[in-house]
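Worksheet: the structure to be examined is printed underneath.
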Amino acid sequence: MNIKSPERLFLEGGKHAVLLLHSFTGTANEMKRTAKHLHKAGFTCLAPIYAGHGQHPEKFFQTGIADWLQTAREAYLFLQQQGYEKITIVGQSLGGVIALHLADEVAPQALVTMSSPIVERELSGLESRVKAYTTYYLRMRDIPEPEAFHFVATHFPRPEHKLHALQQFILATSDLLANINCSALILYGEADAHIYQHSAQLIYDGLASTTKQLRGYKEAGHLLSLARIPEIHDDIVDFLADEL
């Protein structure tokens, strides 16, 4: 199967830019619907792809959380170099964690997190995501099953040091919240795992922001950007409209 490699998404619009950060093992494609809603409302949108994501697993294995944070930094800098003075960061799952770390560094106009964890996740859970990414990639490229099976068998389990670094990066987020005072919208799905609902409350409680909102969506699961619940994108647009 001839599959086109995913590319970053850049939609030029108004003077307020939005940086959209995808989840762990995801790509900019998962943020496309959110970006289109925001662009239609007058915002410029940029959704980068973290280093190694959307590429062959061997390339993915060569990267880690420091590289993915750097991708976000470079995307934010790109928007600044394009002349945007108002920049909001929207992040989903790990993208929201990265958004919080970046907000601690750059003081954005506003911040939106969706289903973002800041409490401990077991390394086995993180590795299962990497394994799922690997098997999906190989299957979608029509790699023969014996070859794919051999690849997975010889590359898993993964060395723990990078997964441990990711785990520690997530846990360190709590210590940054008191430094962040921009307007913030914290979203979560009420049908998602408890860890994400609990984290949303912790983020909301910990942020120093005087303008902040916490919202849950009854029928939503984890990836809110893909949920067919119009209120999610309407709420983001309404929230950012106040920041124009």
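Structure notes:
- Proximal charge balance of ILE229 [Cβ under 13 Å; K/R count +1, D/E count -1]: -2
- Å² per residue, accessible surface of the range 132-244 at 1.4 Å: 55
- Rounded to the nearest Hz, the phi-derived 3J(HN,Hα) couplings of the range 170-176 under the Karplus curve 6.51 cos²θ - 1.76 cosθ + 1.60 (θ = phi - 60°) are 4, 5, 5, 4, 4, 6, 8, where x marks glycine and proline.
- Inverting the pair-averaged 1/r between distinct Cα atoms of the range 43-95 gives 12.2 Å as its Kirkwood hydrodynamic radius.
- Straight-distance crosslink candidates among lysines, where the alpha carbon sits under 20 Å from LYS162 and sequence neighbours closer than 8 are dropped: LYS59, LYS131
- Relative contact order, percent, the chain [alpha-carbon distance under 8 Å, six or more residues apart]: 20
- Annotation note: trypsin sites (Lys or Arg not before Pro) in the range 64-148 located in DSSP loop regions with a Cβ neighbour count of at most 13 within 10 Å are ARG141.
- Under Karplus coefficients 6.51, -1.76 and 1.60, residue-wise ³J(HN,Hα) of the range 88-105 in Hz, glycine/proline x: 9, 10, 10, x, 10, 6, 4, x, x, 5, 4, 4, 5, 5, 5, 4, 5, 8
- Atom-type composition of the exposed protein surface of the chain places 50 percent of the accessible area on carbon and sulfur (1.4 angstrom probe).
- Of all the options HIS161, HIS56, HIS233, the one that moves most in a Gaussian network model of the chain with Cα springs shorter than 10 angstrom is HIS161.
- Proximal aspartates and glutamates to LYS36, defined as alpha-carbon separation beneath 13 angstrom and excluding residues fewer than eight positions away on the same chain: GLU12, ASP234
- Coordinate range along principal axes, alpha carbons of the range 118-198, Å, largest first: 52, 28, 22
- Here the range 127-174 has an Rg and Dmax of 13.7, 44 Å, counting Cα atoms alone.
- Cross-link reach list, aspartates and glutamates versus LYS86, counting only Cα pairs under 12 Å and skipping chain neighbours closer than eight places: GLU243
- For the range 126-214, GluC sites (Glu not before Pro) meeting the loop criterion (DSSP other than H, G, I, E, B) and having at most 16 other Cβ atoms within 10 Å: GLU190.
- Nearest 10 degrees, 0 to 90: helix 123-140 Cα axis against the chain principal axis: 70
- GNM top mover of HIS222, HIS194, HIS39 - the chain, alpha-carbon springs below 10 Å: HIS194
- Cα coordinate range in the range 90-244, projected on the principal axes (Å, largest first): 55, 34, 27
- Charge tally around PHE156: other residues with Cβ under 9 Å, Lys/Arg +1 each, Asp/Glu -1 each, net +1.
- MRE, 222 nm, helices only [DSSP H, n ≥ 4, -39500 (n - 2.57), over the chain, to nearest 500]: -14000 deg cm²/dmol
- Mean-square fluctuations from a GNM of the chain, with a 10 angstrom spring cutoff on Cα atoms, peak among THR71, THR211, THR27 at THR211.
- Cα centroid of the range 198-215 to Cα centroid of the range 80-140, whole Å: 17
The values are calculated or read from the model by the stated rules, or taken from the named source; none is laboratory data. Computed from a prediction, not measured in an experiment: that's the story for all the values here. All Cβ positions, even for glycine, are placed from backbone atoms using ideal geometry, and neighbour counts span all protein chains on display. Just the protein is used for accessible areas: all its heavy atoms, side chains included, with ligands, DNA and RNA removed. Shrake-Rupley method; radii C 1.70, N 1.55, O 1.52, S 1.80 Å.
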